[in-house]
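The values are calculated or read from the model by the stated rules, or taken from the named source; none is laboratory data. Everything quoted here is computed from the prediction, not taken from an experiment. Reconstructed Cβ throughout: ideal geometry from the backbone, glycine too, with neighbour counts over all protein chains shown. What goes into the accessible areas is simple: the full protein's heavy atoms, side chains included, and nothing from ligands, DNA or RNA. Shrake-Rupley method; radii C 1.70, N 1.55, O 1.52, S 1.80 Å.
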Amino acid sequence: MVNLLIIFLVCATHTVFVNGQNIGKITELSEPVVAKVGGFAFVNCTVSSPQSIENNILVEWVFLNATDGGKSVSSDCTITESHNIIAGKKKYEIFCVDLDNNDKRYALRVNALSVPDNGLYQCRVRISSEQKPTDSMAVSLTVLSPPKIVKSSSDITVYGIINGTASMRCDGQGIPGPNVTYGRASGRPLPKGRYEVLTNKTTATSTTTVLKLYNLTKEDRGTYRCSADNNIRPPEDLFSRLIIEFKPSVSLVEPSYGSPTGENTQIMMWCRVDGYPRPSMTWYAMTSADTQRFKAGNLELDEKFYSNAKVILTDEKYQVEQKIMTVGSQSTMDSMFYSLSLQTVESVDMVYYVCRAMNTHGEDAQAVLLYPVNALADERNTGTTALSESTFILFTLTALLSRHLFIR
C-alpha cells in the first residue's frame, strides 16, 4: 500500500525521490505573463534541492511552441539558444539568484518581444546524468500586439452595379483579436436598412468580417473605412473604394453663356459627366436652324441628329479639354469635367452646343446655349460673361454645392 502511494505522488507532482530524499522540486513559478510587442518579459522559476546533490541538478528553460517537443533556451545559468543575437542584441538572458533554504531562482528574460514569442515556457529540473525531468512546470507568455489588417487588391477596389450587391472584406489580426467596425471615409452614415456586417471567423487572434451593401445606388459609391482596434495602439484602417457602374449623367455648370463677338474674344463652356465605366464624351454644334427648332421643342437629341450634327474637335477654332473631378485630395474616376473653348467668337457661333456622353450602360446629353452680348453690357453684367479657366474653380464650387452634385 505504501509503494502504491509513492508511485501516485511521483505522477502527480513530477518530483523524484531517492532514498526518501527530494532531489529537485519547483517551489515557485511565475504567474502568466502579459507584455507588449517590442518590450521584454521575465519568467521566474524557483527550485529547491538538497545541498548534498545540488551540483548534480540541472534547471532548464524550454520554449514549448517550437517543433520537436520544444526548444531549449537555457541550461542552469547559461543560454543554450544558438541564435541568441538578433539585430546585435541578446534575445534571451538568464539570471540566477541563490536564496535561503537551498532554493535558487532562475529568471529568464525574453527581449525584443514579438508575436512568435507567444506560448508556454517550461521550467524543467533533472539530474545531470538523466534526460527525464524530475519536475517540470510551464508558464504562459502572451505578447500583446496592435491590430493589423491583411490587405489584398480585391479588398481595396470593389465594383458593383445599380440595384446590385457589393461586399467588402476585412481581416483583422492582433493579440487579443481586434474588434472590426465599418464606416464611410467622409463620415456619412452607411445606407440605412441596406447593409449588414457578417462575421465569418473569429479566433483568439483574428477577426474576419464582411460588409455587404444591398440595392446599390449611385450615392453608395465612394470610399469606405474598415477599422481594427484591440486597445493596443495604434489601431489600423483599411480604405476600400466602391465603384458603381452606371449609365452616364450629364449636367451643365451653366445652361447658357453670353459673349461679345469679334477679334480677341473667346468663350469657355463646361459640362460635367458622371458614369462608370468612364464615358466617352463628344461636343456637337447645332446649326442655326436646329437651334431654332430645339428652342421650339421640335428637335430631339437622337441618332438622326447626331448623324448630321457637326462634331467638334480641337483645332485653331476650338479646344476640347477634360479635367478629373477632385473631392478634397482624392480624384474620382467616375466624374469628369469637359470644357469647350471657342477662339474669336463670331455671330455664326451663337448656337446650341451639345455635350454627349456614352458608355456600355447607356448615354446622356445636355445642350448649352451661346448667345450674343455687346462689350459694354458684358462689362456691366459679369454674371453673363465667358468663364475663364482661372475663375472656373470658384464658380464651379459654388454651383455644385448649391445643386448637391459633389460625391460624398
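Some values worked out for this structure:
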{"quantity": "Selection count where residues are under 18 Å from ILE127 (Cα atoms), in a strand (DSSP E or B) and β-branched (Val, Ile, Thr), scope the stretch 74-101", "calculated": "1"}
{"quantity": "Subset of the stretch 89-108 that is of a type in the set (Asp, Glu) and surrounded by 13 or more Cβ atoms within 10 Å (Cβ to Cβ) - its residue that is farthest from VAL139 (Cα to Cα)", "calculated": "ASP103"}
{"quantity": "Selected residue [at pLDDT 95 or above, out of contact with any Asp or Glu (no Cβ under 8 Å at 6 or more places or on another chain) and either open to solvent by 40 Å² or more (accessible area, probe 1.4 Å) or of a type in the set (Lys, Arg) (or both)] from GLU31, GLU54", "calculated": "GLU31"}
{"quantity": "Hits in the stretch 206-221 - residues which are touching a residue at least 60 places away in the same chain (Cβ under 8 Å) and open to solvent by 10 Å² or more (accessible area, probe 1.4 Å)", "calculated": "GLU219, ARG221"}
{"quantity": "In the stretch 291-304, the residues that are out of contact with any strand residue (DSSP E or B) (no Cβ under 7 Å at 6 or more places or on another chain) and either assigned to a loop (DSSP other than H, G, I, E, B) or crowded, with 18+ Cβ neighbours inside 10 Å (or both)", "calculated": "ALA296, GLY297, ASN298, LEU299, GLU300, ASP302"}
{"quantity": "Of all residues making up the stretch 289-323, the number that are of a type in the set (Ser, Thr, Tyr) and farther than 14 Å from ALA367 by Cβ", "calculated": "3"}
{"quantity": "Lone unmet requirement of (1) of a type in the set (A, V, I, L, M, F, W, C); (2) assigned to a loop (DSSP other than H, G, I, E, B); (3) more than 18 Å from GLU31 (Cβ to Cβ) for LEU113", "calculated": "(3)"}
{"quantity": "Test for SER145: is it small (Gly, Ala, Ser), more than 21 Å from the chain's Cα centre (by Cα) and under 29 Å from SER74 (Cβ atoms)", "calculated": "no"}
{"quantity": "Residue count, the stretch 333-367 (criterion: of a type outside the set (Gly, Ala, Ser), over 19 Å from THR314 (Cα atoms) and in a strand (DSSP E or B))", "calculated": "7"}
{"quantity": "Hey, ARG126 at pLDDT below 95, assigned to a strand (DSSP E or B) and more than 24 Å from LEU144 (Cα to Cα) or not", "calculated": "yes"}
{"quantity": "Test for TYR224: is it buried (at least 21 other Cβ atoms within 10 Å of the Cβ), at pLDDT 95 or above and part of a strand (DSSP E or B)", "calculated": "yes"}
{"quantity": "Which numbered condition PRO248 misses (of (1) open to solvent by less than 10 Å² (accessible area, probe 1.4 Å); (2) assigned to a loop (DSSP other than H, G, I, E, B))", "calculated": "(2)"}
{"quantity": "Test: ASN231 is open to solvent by 50 Å² or more (accessible area, probe 1.4 Å), over 26 Å from ARG278 (Cα atoms) and among the polar types (S, T, N, Q)", "calculated": "yes"}
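For every residue, the table says whether it meets (1) open to solvent by less than 30 Å² (accessible area, probe 1.4 Å); (2) out of contact with any strand residue (DSSP E or B) (no Cβ under 9 Å at 6 or more places or on another chain); (3) without any contact (Cβ under 8 Å) to a residue 24 or more places away in the chain.
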position	(1), (2), (3)
ARG124	no, no, no
ALA138	no, no, no
VAL150	no, no, yes
THR157	no, no, no
MET168	yes, no, no
ILE175	yes, no, no
ARG184	yes, no, no
ARG188	no, no, no
